[in-house]
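Provided herewith is a single structure, encoded as structure tokens, for subsequent inquiry.
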Amino acid sequence: MFKKRSEIFDTNFVYFIILSFFVIIRIIASTFVINTALSYVLNSVIQLGLMLLIPLFLFTYLRKQKISTTIKQYGFNKINIKSVLLSLLIGILVYLITIFISTFFSFILSIFGYEGSSSSGAVSSYPIWLLFVELIMTAVLPGICEEVAHRGMLLNGYKSMGTKKAILFSGLFFGLMHLNIEQFFYATIIGFFFGFVAIITDSIFPTMIMHFTNNAISTFLGFAVANKMPIGSAISSFFEKIISSGPILAILMLFLVIGIILFLLFFLTMLLFKETRLKRLTAVADKILKHQLRNEIMNGIDEAEKKPFNDFDEDVIFSQQMLGNKRVVNVNFKKDLFYTKQIYKPTFKDNIFMYVNLFLGIIVTLFTFIWGVL
């Protein structure tokens, strides 16, 4: 039927497989009584099978390329220790932003009569070994596997539609993938931010670290509350004090806190960009200039062996001018380093599974709002 498939079609088709199986597993889990051990097994199948192996191997098979090509395409570019630390700090800020977004939309949903799915019973026992198990299941696996599916396959598979659309759709599907109206809003907004970070750093590792940090903090605080540790109620106490200070002062203080968090988020993200993509581009520029200098010293080199400046990296722009008897080389980076325009307009055939994915994700998410299922 589809003899000539585009990359966008393959991306949408693979994600359709992922989402379909995910919905089936969630329906089974909500229909039958699932014990803790089986829930861990199902979570492992979802993360390792659906979110990691299928995007890597099925996508590779459909594109008829090597697995190494897929891994490179997904943005598995190394980052330094400083970038790791910056990603951890940004992950903490992402968690704080998540609290604000979640609280705001929970309030909006409550106006429409939605009560949410908060568990009424407190955890009777939460030993330290269970914390490590929960960290693996809710932080390590999602931090790696969900990023491969969304910031790896989806974000890069949609890049030919332009960076903005790639960030938009990958973030939207990240929100819908949670199949829960409570999680949809903050997951979508965080998905937009993660997509932006993956673009400007040209690496999937920073978003993996941020995703892990966000989920790990939430998991640890659950452990702290269950074990009545002081840190467990620190954040909630902080917000209670703000709210109890009066409506006007509370609003001003909340805006101040949000402003500080957003400023730090922007500042650290720009530092992360300098430590990742900008450093790599600077290294490329140095390599090109050394190559040019070597060619000039070796007077006997053939003209055919002298590679043009712009053949080395599409994001680096080189120009040269003569100042007296000296030649000066100017190194600049493209203004659209962060955003690229649309170079391919998808057809209906390309997007047919995207429409199916949107329909499926929206319908199931609405079910969680209307009937409280899943």
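Exactly one of these conditions fails for SER170: (1) open to solvent by 40 Å² or more (accessible area, probe 1.4 Å); (2) without any contact (Cβ under 8 Å) to a residue 40 or more places away in the chain. Give me its number.
Answer for SER170: the failing condition is (1).
Here are some conditions: (1) surrounded by fewer than 16 Cβ atoms within 10 Å (Cβ to Cβ); (2) in a helix (DSSP H, G or I). GLU115 meets all but one. Which one does it not meet?
Answer for GLU115: the failing condition is (2).
Note down all Cβ pairs under 9 Å where the first residue falls in region 353-368 and is without any contact (Cβ under 8 Å) to a residue 60 or more places away in the chain and more than 20 Å from SER30 (Cβ to Cβ), the second is part of a helix (DSSP H, G or I) and open to solvent by less than 40 Å² (accessible area, probe 1.4 Å), and they're at least six residues apart or on different chains.
These pairs meet every condition: TYR355/ASN12.
Is there a residue being polar (S, T, N, Q), assigned to a helix (DSSP H, G or I) and either modelled with pLDDT of 80 or more or within 21 Å of the chain's Cα centre (by Cα) (or both) anywhere in region 265-282? Please lay out each step first, then the result.
Residues of region 265-282 polar (S, T, N, Q): 269, 276, 282.
From the residues that got through so far, the ones that are assigned to a helix (DSSP H, G or I) too are 269, 282.
Right, trim to either modelled with pLDDT of 80 or more or within 21 Å of the chain's Cα centre (by Cα) (or both) and you get 269.
Yes - at least one qualifying residue is present in region 265-282.
What number of residues within region 174-188 satisfy the criterion of being touching a helix residue (DSSP H, G or I) at 6+ places or on another chain (Cβ under 6 Å) and part of a helix (DSSP H, G or I)?
As a first pass, look at region 174-188 and keep what is touching a helix residue (DSSP H, G or I) at 6+ places or on another chain (Cβ under 6 Å): 174-176, 178-181, 184-188.
Narrowing the set further to residues that are part of a helix (DSSP H, G or I) leaves 174-176, 181, 184-188.
The number of residues fulfilling the criteria is 9.
Is it true that some residue in region 154-165 is open to solvent by less than 50 Å² (accessible area, probe 1.4 Å) and basic (Lys, Arg)?
Keep residues of region 154-165 that are open to solvent by less than 50 Å² (accessible area, probe 1.4 Å), which gives 154-158, 160-163.
Now narrow it down to the ones that are basic (Lys, Arg): none.
No, there is no match, as no residue in region 154-165 is open to solvent by less than 50 Å² (accessible area, probe 1.4 Å) and basic (Lys, Arg).
Assuming SER203 fulfils every condition listed in (1) under 14 Å from the mean Cα position of the chain (by Cα); (2) more than 18 Å from PHE105 (Cα to Cα); (3) in a helix (DSSP H, G or I) apart from one, which condition is it?
So SER203 meets the others, but not (3).
Separate question: For ILE251, state whether it is modelled with pLDDT of 85 or more, of a type in the set (A, V, I, L, M) and open to solvent by 60 Å² or more (accessible area, probe 1.4 Å). Give the derivation first.
Working: modelled with pLDDT of 85 or more: no; of a type in the set (A, V, I, L, M): yes; open to solvent by 60 Å² or more (accessible area, probe 1.4 Å): yes.
Criteria not met by ILE251.
So which of SER203, SER236, SER245 ends up being of a type outside the set (A, V, I, L, M), open to solvent by 30 Å² or more (accessible area, probe 1.4 Å) and either at pLDDT 95 or above or within 15 Å of TYR95 (Cα to Cα) (or both)? Break it down stepwise before answering.
On the way: SER203 fails: open to solvent by 30 Å² or more (accessible area, probe 1.4 Å); SER245 fails: either at pLDDT 95 or above or within 15 Å of TYR95 (Cα to Cα) (or both).
Criteria check complete, one pass: SER236.
May I pose another question? Condition (residue is outside any loop (DSSP other than H, G, I, E, B) and more than 16 Å from MET208 (Cβ to Cβ)) applied to region 1-8: is it met by at least one residue?
From region 1-8, those outside any loop (DSSP other than H, G, I, E, B) are 7-8; that's our starting set.
Filter once more, so that each one left must be more than 16 Å from MET208 (Cβ to Cβ): 7-8.
Yes, region 1-8 has at least one match.
For region 5-17, does any single residue satisfy the condition of being open to solvent by 70 Å² or more (accessible area, probe 1.4 Å) and touching a Lys or Arg at 6+ places or on another chain (Cβ under 9 Å)? Quick ask: steps written out before the conclusion?
Pass one, region 5-17, residues open to solvent by 70 Å² or more (accessible area, probe 1.4 Å): 5.
Imposing the further condition that a residue be touching a Lys or Arg at 6+ places or on another chain (Cβ under 9 Å) reduces the set to 5.
Yes, that holds for at least one residue.
Can I ask one more? Being at pLDDT 90 or above, under 21 Å from GLY175 (Cβ atoms) and surrounded by 14 or more Cβ atoms within 10 Å (Cβ to Cβ) is the filter here; which residues of region 347-374 pass it?
Of everything in region 347-374, those that are at pLDDT 90 or above, under 21 Å from GLY175 (Cβ atoms) and surrounded by 14 or more Cβ atoms within 10 Å (Cβ to Cβ) turn out to be ASN351, PHE353, MET354, VAL356, ASN357, LEU358, LEU360, GLY361, VAL364, THR365.
The values are calculated or read from the model by the stated rules, or taken from the named source; none is laboratory data. Computed from a predicted model, the values in this text were never measured in an experiment. All Cβ positions, glycine included, derive from the backbone under ideal geometry; neighbour counts span all protein chains shown. Each accessible area value is taken on the protein alone, full model and side chains, heavy atoms only, with ligands, DNA and RNA left out. Shrake-Rupley method; radii C 1.70, N 1.55, O 1.52, S 1.80 Å.
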